[in-house]
Amino acid sequence: MDSLLKSVLKRQMPYLIGGTITGTIMAYYYGFLFAIIVNSIIWFIISIVVNKFYWKYTGFKEEFQLISKYMGHLQLKKSHNNFATKHDEREEGQN
């Protein structure tokens, strides 16, 4: 696994686990829609505080790097598929 992906997952795992547990408890007592909204707000605030004071991290730099890397892979894959399609069309035209 990519080291960048590992570091992002390492930071996100407590939020995923905590959000799942608190969301399940809140959904049981208050309802699903309320639990989603309130749980998202609570864990977003917790993540901002933890990132700012514990990780000394205030932005979304690594998340944007992951997205740009994924988009690059998609474009590369799309260009390879497009090349194969054009190549197949040329072969069909010659027959």
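Only the coordinates and a few stated rules stand behind these numbers; no lab work does. Computed from a prediction, not measured in an experiment: that's the story for all the values here. Cβ atoms come from the backbone with ideal geometry, glycine included; neighbour counts cover every protein chain shown.
Excluding Gly18 itself, what net charge comes from residues whose Cβ is under 15 Å from its Cβ, given Lys and Arg +1 and Asp and Glu -1? So the environment of Gly18 carries a net charge of +2. Between Asn51 and Ser3, the modelled labels are 2.2 nm apart [label points 7 Å from Cα along Cα→Cβ]. Taking label points 7 Å from Cα along the Cα-to-Cβ direction, Phe64 and Thr20 give a separation of 3.0 nm.
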